[in-house]
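Heads up: the structure comes next, in structure tokens.
Any read-out appearing in this document is the output of simple, stated calculations on the displayed coordinates, not a laboratory observation. From a predicted model like this one, the values you see are computed outputs, not experimental measurements. Heads up, the Cβs are rebuilt from the backbone with ideal geometry, glycines too, and the neighbour counts pull from every protein chain shown.
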């Protein structure tokens, strides 16, 4: 199935599945002319992790942006608040595909706002996921175990494509492009 132009692509998957890494690869290696835009997220987390490019804001700044109507999408997960500013989705009107690193818990609500969105679940084998989460160093081993238990209970529903990320970012990126109906 090819993802037509001007469509929101909603990438979901557990924390540590490599969504940001694969999206960075995709931004550098997508077909020319560029057919995809990667939406930048606004997050209430410091921008101290080079593996993730986002706009870091305080909880108070996030709340002010939310009150001002700055976000087209927003959600809470893992004690943080996430938002996609409205201007990040403007390229949809120009016929470009926009990829959002979204939330599994928000998929149905986002689909109500964007009924023709293309949902992709990025999955990773549990032991590899555990290794990646430990390597990030953001959480204790107990917190990671709790997260992995939660992940095993959350099976993605209503996704249009399933993409495995169990190897290099390039392999997963190529699999994503194929899911979008694009080739490098």
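With N set to the number of residues, divide the alpha-carbon radius of gyration of the chain by 2.2 N^0.38 Å and report two decimals. Mind dumping the intermediate values first?
Numbers: Rg = 15.9 Å, N = 184, 2.2 N^0.38 = 16.0 Å.
Cα Rg divided by the expected 2.2 N^0.38 Å: 0.99.
Could you put 160, 20 in order, starting from the residue whose Cβ has the fewest other Cβ atoms within 10 Å?
Details: 160 14, 20 18.
By the 10 Å Cβ count, ascending: 160, 20.
Beta carbons within 10 angstrom, averaged per residue: use that to sort the peptides 117-124, 76-83, 172-179, highest first.
117-124, 172-179, 76-83
Multiply the residue separation of residue 87 and residue 178 by 0.36 nm, subtract the distance between their alpha-carbon atoms, and state the gained length in nm to one decimal.
30.1 nm
Compare the peptides 7-13, 22-28, 165-171, 55-61 by average per-residue count of other Cβ atoms within 10 angstrom and give them in order, highest first. Can you show the working numbers first?
On the way: 7-13: 23.4, 22-28: 19.1, 165-171: 15.4, 55-61: 12.9.
Order by mean packing, descending: 7-13, 22-28, 165-171, 55-61.
With the contact rule set at Cα under 8 Å and sequence spacing of 6 or more, what percent relative contact order holds for the range 17-154? Kindly include the intermediate steps, with their values, before the conclusion.
On the way: 137 pairs, mean separation 30.9, N = 138.
After rounding, I find 22 percent.
Need one number: nm distance between label points at residue 60 and residue 157, each 7 Å from Cα along Cα→Cβ, rounded to one decimal.
The modelled label-to-label distance comes out at 4.0 nm.
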